[in-house]
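Chemist: I have a structure I would like to understand better, so I am pasting it below and will then ask my questions one at a time.
Please treat every number below as a calculation from the coordinates, not as lab data. The model shown is predicted, which means the values in this text are computed figures rather than measured ones. Every residue, glycine as well, gets a Cβ built from its backbone with ideal geometry; the counts of neighbours run over all protein chains shown.
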C-alpha cells in the first residue's frame, strides 16, 4: 500500500514537472514570438519591410458632366466614357512585337503603332489611341497584354450635330466649357471625380475599403435651356437660305417667348464674303462654329425704322401727338426740321395722321413729333425700353448697345434716334423691348434657361407703357402688315403685327455710312390678340441688286418662322378673313 | 491538468480559426462590395452611352418622318395653361383691368 502511494506520488510529481515544462516552453515560445514580432515591427529586414508595407491602391471614379437639355428635355449635349489605349514600353513582354500584338487585337496598322512608340524613347506613357471603340476596349481587356493599359475618360457628344452650336458652345480637351452655354453653366455642369483608396493583396484584389477613404463621384447637374431644338433647327435653316439668297454678309434671328421672356431659338450666321471681312470678323468661329461670339448679344446694329414704334408709343402716351392727328408731312422732298436739317423719306405722302406715320414708316412725321418732345422725354423713352444697358440674360460678352449720352445729345440726335439712327442696339435688346407691346406694357426678364417654377416664369418687371398704349401700338403695327411695309410678309395663318427697318451700313472706321450697303431687319409678333412669340431677323449687307428693304428681305423670314413656330406650339391660326381682306386690298 | 491544458489549447485554436474565418469573410465581403461598385459604375456608364444613342436616333426630322408613315391625324401637344404675366402695378392692385384669367388658347 505504501509502495502504491509512493508510486502515485512519483507519477504526480512527474506529471507536474512535465506540465510545468510544457507551460514554461509555451511561455518561452510566446515570449520569443513576441520578441520576434517586436523586432520585425521595430527593425525589420529591408526586404521584409518592402513585402509587409501596406499595399494601398487608389482608383479614380469618373463622374459625368451634366447634360444640356432643350426646353422639351431633348438632349443637346451629353457625355459618355471612352477608353484611351496606352503602352508602357519599359514593362512590355516583348518590345519588338508589341505593336503587332496590339494591332492584331484592335485591327489597326502595326507600323503606325510602332512609330508612336518609337517617337518617344524612354517615355513610360505612350498613347496609341485616344478613343477606342467598345469592341476594341473589350478585346484589349481580354488580351491582357503586359504593359498595355486602358484609361477611361469622358467624351462630350452633341447628338444633333451643329444645330445650335453657336448657342450651346463646346468643351475643350479638359472637358471644361470653352464657349456658349457649356462655358456659361460650367459651375453647374462640372462633375467632381470620386476617389477610392483600398488595401489590396498581392494579386491586386481589394482586401479592405476604409469608408473614410472613399470619396464618391459627384455628377454635374443637368441644365435645361429655354431653347427648343425644333425651332432652332428651323430658324437656322431659314436664315441660311435668306443669307444665301441675298448673298448677305450675315444674318441674325431670335425667337422670344414673350409671355415668359424665354429665348426659344437664337441664330447667328456669318457669310465669309470677301468685302464683308472689312466690316466684321470672328476668329473664334474660324476655328470652330461653337467658338464664335454670339452676335445676337455682342454686336449692336442700327435698327432703322424698327425703332420707330418705341418712340411712337411714348410720344402717344405723353400726348405729343394723337393717333388720328394730321401732321404736316411734306408732299415733295424734303422736310426741314426747325434747325434746318433735311429729313428724307423713301416716298412722300403729303400730310398724314400720326398713325399713318408709323404704318408707312415716314421719317419726317417722326421728326416732327420728336421735336415736340423734350430731350429728357426722348432719352427717357430710350431708357424705358432697356436700350443702352445690358439685358442681363447672362450670355458672355453682352453689349449694352450704343446710346448717345446727355452731354452729346443734340438736335441731330433728337431727330435721328426716332428713326433708328445714331443709336445701336443688340438683337437681344430689340426682342426684349418689342415684347413690351406683346405683353401688357411690361418689360420681361430674358431667360436662357427654362423656368422651373412659376415665380421664375413670371418675375415682376416694371411697367414701361400703359396696357392700352401697348394694345394700340399692336393694332397700328398690324396695319403695317396690312397697308404698310409688311405686306409682302403676310401670313395666311396668323395675324402678325410687325415693323420693318432698312438702315445704311456704317463704315467700320467711322466717317459716315456706305451709300449702297444696308442692314435690313424685321421684327414682329403673333397672334395679334394674345401674342405668344416675338421674332426678329436681321440681314447684314444684302446684295442690293437682289433687294435690300427689310419688308422684302427679312419680312418673309420672320413670317415663315412665326408660322412654323406657332404651328409647332399648337397655336390655333387666327388670320382667316383678315388675310383674305388684305389680299383683296393688295389686288 | 493535462485535460485542462488540452482544453485551453483547443479553445485557443478554435478561437483563432473563427477569427480567421471572420477575416476571410470580411475580405470576401470587401471584394464583393468592390465588384458590385464596379458593376454599378459600368451600368451607369452604359446608361450614359445609351442616353447618347437614343438622343442621336431621335432627331426631330426622323420623328416627323416616323409620324408621317403612321396613319391618323397628328396634332402638336398644346402648351399647358398658364397664368398671364402680371406687372408690378397689377400685383399692387393698381391696374384697372387686371388680366389674370387662364389662357386656354394654347
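Chemist: Under a no-solvent Debye model with one identical scatterer per Cα of the stretch A:304-437, what's log10 I(q)/I(0) at q = 0.09, 0.22 Å⁻¹?
Modeler: Computed log10 I(q)/I(0) values: -0.26, -1.35.
Chemist: Also, quick follow-up: Determine, for each peptide in A:503-510, A:57-64, the mean count of other beta carbons within 10 angstrom over its residues, then list the peptides with the highest first.
Modeler: Details: A:503-510: 14.0, A:57-64: 15.9.
For the peptides A:503-510, A:57-64, the packing ranking is A:57-64, A:503-510.
Chemist: Other chains near B:32-38: what is the mean number of their Cβ atoms within 10 Å of each residue's Cβ? Numbers along the way, then the final one.
Modeler: Values: counts 1, 4, 9, 2, 0, 7, 4.
The shielding value for this peptide is 4.
Chemist: Something else: How would you rank A:513-524, A:35-46, highest first, on the average number of other Cβ atoms within 10 Å across their residues?
Modeler: Numbers: A:513-524: 22.7, A:35-46: 10.0.
Top to bottom by mean Cβ count within 10 Å: A:513-524, A:35-46.
Chemist: May I ask you to sort A:364, A:331 by Cβ crowding, counting other Cβ atoms within 10 Å and putting the fewest first?
Modeler: On the way: A:364 25, A:331 9.
Ascending Cβ contact count within 10 Å gives the list A:331, A:364.
Chemist: Can you give the mean number of other chain Cβ atoms that lie within 10 Å of the Cβ atoms in peptide A:375-382? Don't jump to the answer; show the numbers that get you there.
Modeler: Numbers: counts 0, 0, 0, 0, 0, 0, 0, 0.
Mean partner-chain Cβ count within 10 Å for A:375-382: 0.
Chemist: Shifting gears a bit: Compute the acute angle (0 to 90°) between the alpha-carbon long axis of helix A:134-143 and the principal axis of greatest extent of the alpha-carbon atoms of chain A; round to the nearest 10°.
Modeler: Approximately 10 degrees, to the nearest ten.
Chemist: While we're here: Compute the helix-to-body angle for A:375-384: its Cα long axis versus the longest principal axis of chain A, expressed 0 to 90° and rounded to tens.
Modeler: 40
Chemist: Roughly what percent of Cα-Cα pairs across chain A reach past 49 Å?
Modeler: Numbers: 61675 of 171991 pairs.
Cα-Cα pairs of chain A separated by over 49 Å account for 36 percent.
Chemist: Within 10 Å of each residue's Cβ, count the other Cβ atoms and sort A:415, B:12 from fewest upward. Could the numbers behind the result be given before it?
Modeler: Working: A:415 25, B:12 10.
Ascending number of Cβ neighbours within 10 Å: B:12, A:415.
Chemist: Hey, got the average number of other protein chain Cβ atoms within 10 angstrom for residues in B:4-16? Kindly include the intermediate steps, with their values, before the conclusion.
Modeler: Numbers: counts 1, 4, 0, 0, 1, 2, 0, 0, 0, 0, 0, 0, 0.
The mean count of partner-chain Cβ atoms within 10 Å per residue comes to 1.
Chemist: Quick check on chain A: helices-only [θ] at 222 nm, where DSSP H runs of length 4 and up contribute -39,500 (n - 2.57) each and the sum goes over total residues. Nearest 500, please.
Modeler: Details: 22 runs with 218 residues, N = 587.
Helices in chain A give a 222 nm mean residue ellipticity of -11000 deg cm²/dmol.
Chemist: Please list A:391-404, A:300-313, A:155-168, A:425-438 highest first by mean number of surrounding beta-carbon atoms within 10 Å per residue. Walk me through the numbers on the way to the answer.
Modeler: Details: A:391-404: 17.6, A:300-313: 25.6, A:155-168: 20.4, A:425-438: 27.7.
Highest mean packing first, the order is A:425-438, A:300-313, A:155-168, A:391-404.
Chemist: Still on this structure, I have one more. I need the fraction of alpha carbon pairs in the stretch A:156-246 separated by more than 23 Å, rounded to a whole percent. Intermediate values should be presented prior to the final figure.
Modeler: Working: 2032 of 4095 pairs.
More than 23 Å apart: 50 percent of the Cα pairs in the stretch A:156-246.
Chemist: Given a cut-off of under 8 Å on Cα pairs at least six residues apart, what relative contact order in percent is computed for the stretch A:350-484? Please report the intermediate quantities before stating the final value.
Modeler: Numbers: 145 pairs, mean separation 37.0, N = 135.
Contact order relative to length: 27 percent.
Chemist: Something else about it: If you average the sequence gap of Cα pairs under 8 Å that are 6 or more apart and divide by the length of the stretch A:89-157, what percent do you get for the contact order?
Modeler: Result for the stretch A:89-157 is 41 percent.
Chemist: Based on the alpha-carbon gyration tensor of the stretch A:213-339, what equivalent-ellipsoid semi-axes (square roots of 5 times the eigenvalues) come out, in whole Å, largest first? Mind dumping the intermediate values first?
Modeler: Numbers: eigenvalues 344, 118, 42 Å².
Working from the Cα gyration tensor, I get semi-axes of 41, 24, 14 Å.
Chemist: Right, another one. Rounded to the nearest 10 degrees, what's the angle between the helix A:555-568 long axis and the longest principal axis of chain A, both from Cα atoms, 0 to 90?
Modeler: The two axes meet at around 50 degrees.
Chemist: Rg to Rh for the stretch A:288-375: what is it, with Cα atoms only and Rh by Kirkwood? Let's see the in-between values first.
Modeler: Numbers: Rg = 16.4 Å, Rh = 14.5 Å.
A ratio of 1.13.
Chemist: Can you give the relative contact order of chain A as a percent, counting alpha carbon pairs under 8 Å and 6+ residues apart?
Modeler: Details: 1159 pairs, mean separation 76.4, N = 587.
The value is 13 percent.
Chemist: Next question. Alpha carbons only, please: Rg and Dmax for the stretch A:431-539, in angstrom.
Modeler: 16.5, 50
Chemist: So how compact is the stretch A:54-147: Cα radius of gyration and Dmax in angstrom?
Modeler: 17.3, 56
Chemist: Label points 7 Å out from Cα along the Cβ direction at residue B:62 and residue A:375: separation in nm?
Modeler: About 6.3 nm separates the two model spin labels.
Chemist: Rg and Dmax in Å for the stretch A:488-552, alpha carbons only: what are they?
Modeler: Calculated on Cα positions, Rg and Dmax stand at 14.5, 45 Å.
Chemist: Further, regarding this structure: Report the semi-axes of the equivalent ellipsoid for the stretch A:355-496 in whole Å, largest first, where each axis is √(5λ) for an eigenvalue λ of the Cα gyration tensor. Mind showing how you got there, number by number?
Modeler: Working: eigenvalues 131, 103, 40 Å².
Over the Cα atoms of the stretch A:355-496, the ellipsoid semi-axes are 26, 23, 14 Å.
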